[in-house]
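Remarks on the structure that follows.
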Amino acid sequence: MAILSEQEFLVLNGAHLKKMATADEIASAVGLDPSVVKPVLDAAASGELLMIAEGRHLLLPEGTSTVQEYYRITYEAMRSNEAVLAWYGRFEAINDQFIKQVSEWQSTDGDERIQSRLIKTVERLSKNLQDLTPLIPRYENYLNRFGASVAKIDEGQTEFICTPTIDSVHNIWFEFHEDILSVIGRPRDT
């Protein structure tokens, strides 16, 4: 198994977290120019780490293993870092609120009071996430993505709450949750 460079990891991790995404969607998610992302994806496809179907990229098992190995090596020290683990413990409480609020918002056809609480929860995560960015600088991009989606919601584009085909706060949250679980070496509870 080849060891990834940081740039290769960013791109392949973006593919891993987004599941089936175009090069432009991956580039936007990881904060890189598409001209940087496309050659990495093409090389990964040639190396049988991912497949490309109708312009969408999906990691193959070998690609997923390669991304997980990068997490294991790069973030090994964080897996026993008490501050990081305590941060994650606090995140779980916020995560439970977020999941409940998304469900409530969906079941009420977009109740504005629930939407307001949901946005405050996203803003709370963003504020707390700033504590991790010195340790994991790439998390700054999650802050940028959350900010952009919340701004669109504030403009009345409520599809940016949980539409699965765009960079909605729900999709960003889901990707971040999977990312932080990989950093600390924990499986996602089903």
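Taking max minus min of the alpha-carbon positions on each principal axis, segment 1-54 gives extents of 27, 25, 19 Å, largest first. Rounded to the nearest whole Hz, the Karplus-based 3J(HN,Hα) values (6.51 cos²θ - 1.76 cosθ + 1.60, θ = phi - 60°) of segment 70-78 follow the sequence 4, 4, 4, 6, 5, 10, 3, 5, 6, with x at glycine and proline.
Extension gain, Ser107-Gln7: 0.36 nm per intervening residue step, less the Cα-Cα distance, totals 32.0 nm.
Separation of segment 27-63 and segment 160-190, taken as the distance between their Cα centroids, equals 19 angstrom. Taking amide hydrogens as placed 1.01 Å from N in the peptide plane, the amide H of Thr163 sits under 5 Å from that of no residue at least 5 positions away in sequence or on another chain.
In a reduced charge model with +1 at each Lys and Arg Cβ and -1 at each Asp and Glu Cβ, segment 30-161 shows a dipole moment near 300 debye about its Cα centre. For the chain, averaging the sequence separation of C-alpha pairs within contact (under 8 Å, six or more residues apart) and dividing by the residue count gives a relative contact order of 19 percent. Projecting label points 7 angstrom from Cα along Cα→Cβ for Glu178 and Arg72 puts them 1.9 nm apart. A cut-off of 5 Å between modelled amide H atoms, ignoring neighbours fewer than 5 places along the same chain, links His57 with Ala21, Thr22.
Extension gain, Thr163 to Met20: 0.36 nm times the residue separation minus the Cα-Cα distance gives 50.0 nm.
Sequence-ordered 3J(HN,Hα) estimates for segment 121-135 from the Karplus curve with 6.51, -1.76 and 1.60 and θ = phi - 60° stand at 5, 4, 5, 5, 4, 4, 4, 5, 5, 4, 5, 8, 4, x, 7 Hz, glycine and proline given as x. Extension gain, Arg138-Glu54: 0.36 nm per intervening residue step, less the Cα-Cα distance, totals 27.4 nm.
FYI, it's all coordinate maths here, none of it is from the lab. A quick note: this is a predicted structure, and the numbers were derived from the prediction, not measured. So basically every Cβ, Gly included, is an ideal-geometry build from the backbone, and we count neighbours across all protein chains shown.
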